Amino acid sequence: MANTVIIGAQWGDEGKGKIVDMLSAQSRVIVRFQGGNNAGHTIRVQDRETILHLIPSGILHEGTVCLVGNGVVLDPHVFLEEVDNLSAKNIDVSPARLGISKKAHLILPYHKSLDKAREAKRAGQKIGTTGRGIGPCYEDKAARVGLRAGDLTRPDLVRAKITHALLEKNVLLRDLYKFEPLDPAAVSEELLALAPRLTPYLTDVEEHIAQARRNGDNVLFEGAQGVHLDIDHGTYPFVTSSNTVAGNAAAGSGVGPGALERVVGIAKAYTTRVGAGPFPTELLDDTGSYLRTQGHEFGATTGRPRRCGWLDAVVLRESVRLNNLTDLALTKLDVLQNLPALHICVAYEYEGQRFSHMPQEEGLLEKVTPIYEEMPGFEEDISQCSTHDALPGAARAYISRVEELTGVRVSIVSVGADRQQTIVR
């Protein structure tokens, strides 16, 4: 297996955790390259479910080295909570196999306060943020005033940076948003109290990856959210605060683009979205409710019910273009069972014109009408199918049509939540 990037090809929640878990068995090093704990990956192994928000999913495989790259914004409390939860399951989370880039920025209490305050003030124009401080942390990174993980070894620098940051942020919290201001000393000491547990994990992620490549070991780059939540290429402003496209695997991990050899896009056999934003194929009827119930479509991070709709091939084609996908992994095909007919959006219509690509203008995607192609459904239980040929004809035809519409081969098909319920073609 080549060095591989895993990205979500829709609006997130595509089942990346399971595919990363599967491909981690063939990789020595797994790197998370962007996002924060606003994303959750759920992995189910023999009826035991593990939900991870920051630590790469490959931690469940013995012998792997899991790294949190510089492109991630890290909540120290969440990271240590995950360490403790995994340790309680007898999973090795020692610094020998788990590391944090010294360049990764830290999410602090004032980032969370600002996130919640802004969303509350938006009233009827909410973005749908999780309130976990991800956006404000990336803002500080871009403004060159952020606190990085490597700063934890210098208490005086930590105190100085937090004091400086709160000069401005307390004015916003108190005077604009009517939130309680934060005490710089209290915030500093709370963080520094965690430093003895965090600093052993600080490492040179770039050198780890370089050494793995010199040794001929495979590296797996794990993304969060989905392509269409990308800060530049997503459905702005209803997006996340980082670049979710495959190209950011290089910048967010500290490698050159030549290290990215295979790019696997993960897509559900239908489409979901959490929070606000345009969603052309959304179903507000019984079929949408059926997909939500059968697919257990509730956020791993927030518990929010996901919006559900038919598969959108226009969205997938855009993902192919933006990421140079080499192959697709189609997840949750089993959820489509017992639907009398399946629909795939093949194009959009707007003001009498047909569009085979996503419009780039802000707000226009909300106004398009999806053009559907209908295909027969299937009633057979496919959850125990272990080969492509074992799938019913209608399911195989559906997969073939996805390949035709996207121009990319479907190399992996998931027919259930468990690690073993996966067909590799």
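General observations
- Given (1) over 27 Å from GLU139 (Cβ atoms); (2) touching a residue at least 60 places away in the same chain (Cβ under 8 Å), index of the condition GLY256 fails: (2)
- For first residues located in region 16-41 and under 16 Å from THR331 (Cβ atoms), partners that are of a type in the set (Asp, Glu) and lie 6+ apart or on another chain with Cβ distances below 7 Å form the pairs VAL20/GLU222.
- Residues that are more than 14 Å from the chain's Cα centre (by Cα) and on the phi < 0 side of the Ramachandran plot are absent from region 6-16 altogether.
- Sub-7 Å Cβ pairs linking a first residue in region 66-83 that is touching a residue at least 40 places away in the same chain (Cβ under 8 Å) to a second residue that is among the basic types (Lys, Arg), at least 6 apart or interchain, are VAL68/ARG32; GLY69/ARG32; ASN70/LYS103; VAL72/ARG32; ASP75/ARG132; LEU80/ARG197, ordered by first then second residue.
- Residue in region 294-304 that is in contact (Cβ under 8 Å) with a residue 24 or more places away in the chain and within 17 Å of THR406 (Cα to Cα) present: no
- Spans of strands (runs of 3 or more DSSP E) in region 252-327 with at least 1 residues among the charged types (D, E, K, R) and surrounded by fewer than 23 Cβ atoms within 10 Å (Cβ to Cβ): 262-268, 307-309
- Which listed residue is among the small types (Gly, Ala, Ser) and within 25 Å of THR199 (Cβ to Cβ), from GLY36, GLY17: GLY36
- Residues within region 372-399 that are assigned to a loop (DSSP other than H, G, I, E, B) and either touching a His at 6+ places or on another chain (Cβ under 8 Å) or not polar (S, T, N, Q) (or both), tallied: 9
- Just so you know, in region 226-243 the residues that are of a type in the set (A, V, I, L, M, F, W, C) and assigned to a loop (DSSP other than H, G, I, E, B) include one that is farthest from ARG306 (Cα to Cα), and it is ILE231.
- Residues of region 174-188 that are surrounded by 15 or more Cβ atoms within 10 Å (Cβ to Cβ) and assigned to a helix (DSSP H, G or I): PRO184, VAL187, SER188.
- Test: residue in region 3-10 that is surrounded by fewer than 24 Cβ atoms within 10 Å (Cβ to Cβ), at pLDDT below 90 and in a loop (DSSP other than H, G, I, E, B): no
- Positions within region 189-225 being assigned to a helix (DSSP H, G or I), farther than 23 Å from ASN38 by Cα and hydrophobic (A, V, I, L, M, F, W, C), in sequence order: LEU192, ALA193, ILE209, ALA210, ALA212
- With respect to (1) surrounded by 14 or more Cβ atoms within 10 Å (Cβ to Cβ); (2) without any contact (Cβ under 8 Å) to a residue 12 or more places away in the chain; (3) not in a helix (DSSP H, G or I), the lone exception for ALA160 is condition (3).
- Qualifying residue in region 82-89 (condition: touching a Pro at 6+ places or on another chain (Cβ under 8 Å) and either surrounded by 21 or more Cβ atoms within 10 Å (Cβ to Cβ) or of a type in the set (A, V, I, L, M) (or both)): no
- Condition check for THR240: of a type in the set (Val, Ile, Thr) and at pLDDT below 95: yes
- Tally of residues being modelled with pLDDT under 95 and of a type outside the set (Lys, Arg) across region 296-332: 9
- Hits in region 356-371 - residues which are at pLDDT below 95, surrounded by 14 or more Cβ atoms within 10 Å (Cβ to Cβ) and not in a helix (DSSP H, G or I): MET358, PRO359
- Flag for ARG425 being modelled with pLDDT under 95 and loosely packed, with under 15 Cβ neighbours inside 10 Å: yes
The values are calculated or read from the model by the stated rules, or taken from the named source; none is laboratory data. Note that the structure is a prediction, hence the values are computed from the model and not measured. Glycine gets a Cβ as well: all are built from the backbone with ideal geometry, and neighbour counts include every protein chain shown.
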